[in-house]
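The values are calculated or read from the model by the stated rules, or taken from the named source; none is laboratory data. In this text the structure is predicted, and so the values were computed from the model without any measurement. No Cβ is skipped: glycine too gets one built from the backbone with ideal geometry, and neighbour counts run over all protein chains shown. Remember, those area values only see protein heavy atoms, side chains included, never the ligands or the DNA or RNA. Shrake-Rupley method; radii C 1.70, N 1.55, O 1.52, S 1.80 Å.
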Amino acid sequence: MIRTIILAVENRPGALARITGLFSARGINIESLTVARTDDPTLSHMTIVVDLDDVALEKLLKLLDRLVDVVTVTAVDVRNAVERELLLLKVRHEPGQKLELLKEAEIFRARVVDVSPQSYVLELTGDEEKLEAFIRVFEKYGILELVRSGKVAMARG
Amino acid sequence: MRMKGTEIFVESLRREGVRVVFGHPGGAILPIYDRLYDAEIRHILMRHEQAAAHAADGYARASGRVGVAMATSGPGATNLVTGIASAFMDSVPMVIFTGQVPSTLIGTDAFQEADVVGITRPCTKHNYLVLRIEDLARTIREAFYLARTGRPGPVLVDLPKDTQLSECEFVYPEEVKLRGYRPVLDGDPEAIRQAAVAILEAKRPVIYAGGGVIASEGAAELRRLAEMACVPVATTLMGLGSFPTEHPLSLAMLGMHGSWYANMAINRCDLLIAIGVRFDDRVTGKIAAFAPEARKIHIDIDPVEINKNVRVDIPIVGDVRRVLSVLNAELEARLKEHWTEAWEAERQAWLEQITEWKRIYPFCYDFDERVIKPQWVIEEIARVTQGEAILTTDVGQHQMWAAQYYRFKHPRTWITSGGLGAMGFGLPAAIGAWFARPDRPIIAICGDGSFQMTMQELAVVAEHRLPLKIVIINNSYLGMVRQWQEIFYNGRYSASDLRVSPDYAKIAEAYGLRGYTVRRPGELAELFEQELLASEPILFDVHVAAEENVYPMVPPGAAITEMILGPVGSKRIADSKESIA
Ligand SMILES: Cc1ncc(C[n+]2csc(CCOP(=O)(O)OP(=O)(O)O)c2C)c(N)n1
Ligand SMILES: [Mg+2]
């Protein structure tokens, strides 16, 4: 089952390695990971997405919590957290398709952030479902390149 | 006051109450060694950094204080790793200092550079690279605090040479501020109440006690619990010494080479009280068959251990000693109402069953008049020392025999590499233990294979004339490996033969120590009586029956009651088939 873990971590060298080390030592693959500073410059916010069952998740959360650098750790899901991801998509625009392409981008509220003679770079923010739907729709134009930021999440309330 | 890094180092250690450190010098840590030259802190020059870490470990376990080891960068630091990993597995409080190349050279593949914080990250409780002199005092303060509080463990501090040499204003922080570190010491009162009720209601309770009892100084509380609630106690390898072996409620050690009766009791109990343990695979055997009928209480300071290997019914996170004292008070109050003759009779029936199991199959071996049996060597050590010595061991058969046949009386008198099982631990750990407890006899029980991994430390014994006794259980084999090969690999003794070995007594002599070679049972008893408690270092090379096996034994993956009992044991069980039925 896909899980999202959010952590507040001391903003110090080694903290990230210590955290990812817990995953790699147990053969747990990280699906996505984002880290950045928060309003408090001494704290980083981390969002980690993994595929784990309940028992393994419980163990992992306790291991994370045990790390001296980890200030708080929680597993969240869409019901109790806001989750967003950023997508950059480079897509071919054949003559005659441009208008339709831009219209479809508009429907998703994607923005064009770069234009070249053969392609656009589109930027889209949303939850996982929206991004997946967007990718499905744009496949037909010929995707040249695709990058996802990995999810960031924040508990609601 | 402005101070240099080296000055801050010494002053901080002084404030932490450090009296002795174990180490080995080298280029990147020379500034600190120069400062140690005329410092109050005693430095013991070990002959290999692994031994420095084991010595700090032995010191910590014998005393309950934080052990300190130090080494230079690169190879010095990598040599420490085995010792750090062993301390980590056994939750031993240690602070390790390593020199590092100057910060300007870090990342350049400089001479003797190694990413020491990277290498030791998975085997330390926490570690630090101190790049700014302003962080040094606070880091040392935190390192000692982390090492000894919560679940203890090794903490490493990596010190680039320029940090050691720079200067800053010295402030030793009063308080440690670590937002992410808040060990829970007091157990949840409601869970403790539930535990008390469960203990009184159980018909066949058993305590499974481990290293956490010793780490928390909780042996007295454990004993009180057992006696008050009439509960037998099995200890893990790490828990030996937390409950006296000769106590009527003692089940000795449980697990792979534990007593048959402890494993039987665990198998049949209806309540398992797990205290400061981690349900290690060497204890549980096949998990599904471990205490299958029992409700389970688990007391441990580390929440990670709760439900890690075995699901428990009543988890209590907290310091073992504190939890036990609250639990005991709760039990005492409740016992007044709960006690009836019927209750007492039920407990007695359970204890009688256990006594019967003890009679059917105690630890046993065939005594031999021509060749020394290794088990008997340990029994002789127990007899001569009256259980008052501190034992350290290496890893292998001799370690298990020591665990099985010594009569433990006190906590902190059994020092062994349990979780990691690092051969070569015994001698350096004994050296460390001596600096903690020079008042007690200290005996290193070594395997002939293991001893060869750290025997260079005889130089330290000689240098300080440490009155250690080193007893080599010499079976001319990597015995435990040979035993597995005999039982599980058709007797194909691949690379386990040590027939070409040195004369260990002569090696002792080469270091200026006395050494004896003992081959006949007749010599042993008298020699031990005369020399085992002597006030000088002595090595005993005891040649024992080469192909003796450690029994009973749970084969890997089997239930803990599916024990191989060995020739003697099987006979006994056959003899008493009637009484079992
Ligand atoms: C450093 C290390 N290497 C290998 C092993 C695997 N091992 C476990 S016991 C053992 C044999 C130990 O032989 P010895 O010290 O003579 O003890 P004995 O079993 O003969 O009593 C070995 C090789 C280990 N535990 N530690
Ligand atoms: Mg041997």
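A quick yes/no check of all residues on (1) more than 23 Å from residue B:305 (Cα to Cα); (2) at pLDDT 95 or above:
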| site | (1), (2) |
| --- | --- |
| A:27 | no, yes |
| A:44 | yes, yes |
| A:53 | no, yes |
| A:63 | no, yes |
| A:66 | no, yes |
| A:79 | yes, no |
| A:90 | yes, yes |
Checklist entry - Looking at B:512, B:557, which is the one that is part of a loop (DSSP other than H, G, I, E, B), of a type in the set (Gly, Ala, Ser) and at pLDDT below 95? => result B:557
Checklist entry - Failed condition for residue B:18, given (1) crowded, with 19+ Cβ neighbours inside 10 Å; (2) over 30 Å from residue B:391 (Cβ atoms), with all others met? => result (2)
Checklist entry - For region A:50-59, what are the residues that are under 17 Å from residue A:25 (Cα atoms) and more than 10 Å from chain B (Cβ to nearest Cβ)? => result A:50, A:51, A:52, A:56, A:57
Checklist entry - Filter region B:26-42 for residues that are open to solvent by 50 Å² or more (accessible area, probe 1.4 Å) and in contact (Cβ under 8 Å) with a residue 12 or more places away in the chain; which is farthest from residue B:74 (Cα to Cα)? => result B:40
Checklist entry - Any idea which of (1) of a type outside the set (Gly, Ala, Ser); (2) over 30 Å from residue B:565 (Cβ atoms); (3) away from ligand 2 (no atom under 16 Å from the Cβ) is the one residue B:489 doesn't satisfy? => result (2)
Checklist entry - Does region A:83-90 include one or more residues that are loosely packed, with under 14 Cβ neighbours inside 10 Å, over 16 Å from residue A:32 (Cβ atoms) and not assigned by TED's automatic domain parsing to the domain that holds residue A:7? => result no
Checklist entry - Taking region B:437-459, which residues are within 19 Å of residue B:50 (Cα to Cα), away from ligand 1 (no atom under 14 Å from the Cβ), in contact with a helix residue (DSSP H, G or I) (Cβ under 8 Å, 6 or more places away or on another chain) and open to solvent by less than 40 Å² (accessible area, probe 1.4 Å)? => result B:457, B:458
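Residues are listed down the side, and each one gets a yes or a no for (1) assigned to a strand (DSSP E or B); (2) hydrophobic (A, V, I, L, M, F, W, C); (3) away from ligand 1 (no atom under 11 Å from the Cβ):
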residue: B:466; (1), (2), (3): no, yes, yes
residue: B:470; (1), (2), (3): yes, yes, yes
residue: B:517; (1), (2), (3): yes, no, yes
residue: B:540; (1), (2), (3): yes, yes, yes
Item to check | Cβ-Cβ under 8 Å pairs, at least 6 apart or on other chains, region B:125-140 side within 13 Å of chain A (Cβ to nearest Cβ) and outside any loop (DSSP other than H, G, I, E, B), far side open to solvent by 70 Å² or more (accessible area, probe 1.4 Å) and not acidic (Asp, Glu) | outcome: B:129/A:13
Next on the checklist: Name the single residue that is farthest from ligand 1 (Cβ to nearest atom) among those in region B:472-491 being part of a helix (DSSP H, G or I) and of a type in the set (A, V, I, L, M).
Outcome noted: B:487
Checklist entry - So which residues in region A:32-44 are surrounded by 15 or more Cβ atoms within 10 Å (Cβ to Cβ) and away from every other protein chain (no Cβ under 14 Å)? => result A:32, A:33, A:34, A:35
Checklist outcome for this item: Residues of region A:105-135 being open to solvent by 40 Å² or more (accessible area, probe 1.4 Å) and either farther than 12 Å from residue A:90 by Cβ or in contact with a Cys (Cβ under 6 Å, 6 or more places away or on another chain) (or both), in sequence order, are A:106, A:107, A:109, A:111, A:117, A:125, A:127, A:128, A:129, A:130, A:132
Item to check | Count of residues meeting criterion [in a helix (DSSP H, G or I) and within 16 Å of ligand 2 (Cβ to nearest atom)] in region B:404-427 | outcome: 2
Next on the checklist: It is to be established whether one or more residues within region A:79-91 are over 20 Å from the mean Cα position of the chain (by Cα), touching a residue at least 24 places away in the same chain (Cβ under 8 Å), more than 9 Å from every other protein chain (Cβ to nearest Cβ) and closer than 27 Å to residue A:145 by Cα.
Outcome noted: yes
Checklist outcome for this item: Of those in region B:473-486 that are in contact with a Lys or Arg (Cβ under 9 Å, 6 or more places away or on another chain) and near ligand 2 (Cβ under 9 Å from one of its atoms), the residue nearest to the other protein chains (Cβ to nearest Cβ) is B:477
Checklist entry - Does residue B:293 satisfy being without any contact (Cβ under 8 Å) to a residue 40 or more places away in the chain and of a type in the set (Asp, Glu)? => result yes
Checklist entry - more than 16 Å from ligand 1 (Cβ to nearest atom), buried (at least 19 other Cβ atoms within 10 Å of the Cβ) and of a type in the set (A, V, I, L, M, F, W, C): does that describe residue B:513? => result yes
Checklist outcome for this item: Checking B:430, B:462 in turn, the sole residue that is open to solvent by less than 10 Å² (accessible area, probe 1.4 Å), assigned to a helix (DSSP H, G or I), out of contact with any Lys or Arg (no Cβ under 7 Å at 6 or more places or on another chain) and more than 13 Å from ligand 2 (Cβ to nearest atom) turns out to be B:430
Item to check | strands (runs of 3 or more DSSP E) within region A:41-157 that include 1 or more residues of a type in the set (D, E, K, R) | outcome: A:43-51, A:81-92, A:111-115, A:119-126, A:143-148
Checklist entry - Would you say residue B:526 is at pLDDT 95 or above, of a type outside the set (Phe, Trp, Tyr) and either within 16 Å of ligand 1 (Cβ to nearest atom) or not in a loop (DSSP other than H, G, I, E, B) (or both)? => result yes
Item to check | Matching residues, region B:359-377, being within 22 Å of residue B:248 (Cα to Cα) and surrounded by fewer than 20 Cβ atoms within 10 Å (Cβ to Cβ) | outcome: B:359, B:360, B:362, B:364
Checklist entry - Which one of these is within 27 Å of the chain's Cα centre (by Cα), modelled with pLDDT of 95 or more and either within 15 Å of ligand 2 (Cβ to nearest atom) or outside any strand (DSSP E or B) (or both): B:450, B:494? => result B:450
Checklist entry - Hey, among the residues in region B:319-330 that are surrounded by fewer than 23 Cβ atoms within 10 Å (Cβ to Cβ) and not basic (Lys, Arg), which one's farthest from residue B:198 (Cα to Cα)? => result B:325
Checklist entry - If a residue has to be within 12 Å of ligand 1 (Cβ to nearest atom) and under 18 Å from residue B:236 (Cβ atoms) to count, how many in region B:404-436 make the cut? => result 8
Checklist entry - Among the residues of region B:244-263, is there at least one that is among the β-branched types (Val, Ile, Thr) and open to solvent by 10 Å² or more (accessible area, probe 1.4 Å)? => result yes
